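The values are calculated or read from the model by the stated rules, or taken from the named source; none is laboratory data. Quick caveat, the model's predicted, so the values are computed rather than measured. Methodologically, a virtual Cβ is constructed for each residue, glycine included, from the backbone with ideal geometry; neighbour enumeration extends over all protein chains shown.
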Amino acid sequence: MSTVDSATRRQAIEPREISQESATRLRITWADDRVCDYEAARLRRACPCAQCVNEWTGERTLKPEAISNEVEINDLTIVGRYALNFRWSDGHETGIYSFQYLRDLCDG
Ligand SMILES: [Zn+2]
């Protein structure tokens, strides 16, 4: 996976602190002191899993309007040492968000 390669190359992409500020807000403080705030609905719409993105074309099949603005983070876990997995209030839980991807969402 290319995301793992780039994460290895770019050492700075590592969270120092991950805190769930509320049911709809997540804050990540990165090792380089950058602080990023994420809205649950935006993260949910950016889900990179195979149900939400066509694996072969990279095209997003998830429609943004299919996700409620009130979607909440029910749970979040760290996957290995490189990613986060969210359990959403709409029952979805298959997205693996690499730290690199989360950082790109913040910077981009
Ligand atoms: Zn998904």
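Odds and ends about this structure:
Residues checked against (1) modelled with pLDDT under 95; (2) within 16 Å of the ligand (Cβ to nearest atom); (3) hydroxyl-bearing (Ser, Thr, Tyr):
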| position | (1), (2), (3) |
| --- | --- |
| VAL35 | no, no, no |
| GLU55 | yes, yes, no |
| SER68 | no, yes, yes |
| HIS92 | no, yes, no |
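- Only listed residue being at pLDDT 95 or above, surrounded by fewer than 14 Cβ atoms within 10 Å (Cβ to Cβ), under 16 Å from SER19 (Cα atoms) and among the hydroxyl-bearing types (Ser, Thr, Tyr), chosen from THR77, THR61: THR77
- With a requirement of 1 or more residues that are without any contact (Cβ under 8 Å) to a residue 24 or more places away in the chain, the strands (runs of 3 or more DSSP E) lying completely within region 36-108 that satisfy it span 73-79, 83-88.
- Some residue of region 78-85 being within 12 Å of the ligand (Cβ to nearest atom), of a type outside the set (Ser, Thr, Tyr) and in contact with a strand residue (DSSP E or B) (Cβ under 8 Å, 6 or more places away or on another chain): yes
- Single residue of ILE28, ILE13 found to be away from the ligand (no atom under 16 Å from the Cβ), surrounded by 15 or more Cβ atoms within 10 Å (Cβ to Cβ) and at pLDDT below 95: ILE13
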